[in-house]
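As structure tokens, the structure follows; a few thoughts come after it.
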Amino acid sequence: KELLRLRDEFNKQKEGRVERAQSPTAARRKIVLEEDELIALKEKLVEMRVERIKDVLMTKDEAKSMEFNI
């Protein structure tokens, strides 16, 4: 659910880049800021995916160890 929310936020950020500021310099500055925000969102998304994969792997390992303990 959190991944979906972040993806939606990321897409909104991407769409926001189409808007233009008053001056070309301000527009460039705005785009650079938004690109930094997008990079931060992507990094957060990757971290969350890695955590999710670790959780899945851990539960698989736990399930395997339980099988042998029976």
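The values are calculated or read from the model by the stated rules, or taken from the named source; none is laboratory data. Note that this is a predicted model, so its numbers are computed, not measured. Using ideal geometry, Cβ is built from the backbone for each residue, glycine included, and neighbour counts are taken over all protein chains shown.
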Inset, instruction - Enumerate the pairs (first residue in region 29-50 and over 17 Å from Asp8 (Cβ atoms); second residue anywhere and modelled with pLDDT under 90 and surrounded by 10 or more Cβ atoms within 10 Å (Cβ to Cβ)) with beta-carbon separation below 7 Å, excluding pairs fewer than 6 apart on the same chain, so at least 6 apart or on different chains. - result: Lys30/Ala21; Ile31/Arg17
Legend entry - Options Phe68, Phe10: the member that is surrounded by fewer than 10 Cβ atoms within 10 Å (Cβ to Cβ), out of contact with any strand residue (DSSP E or B) (no Cβ under 6 Å at 6 or more places or on another chain), modelled with pLDDT under 80 and among the aromatic types (Phe, Trp, Tyr): Phe68
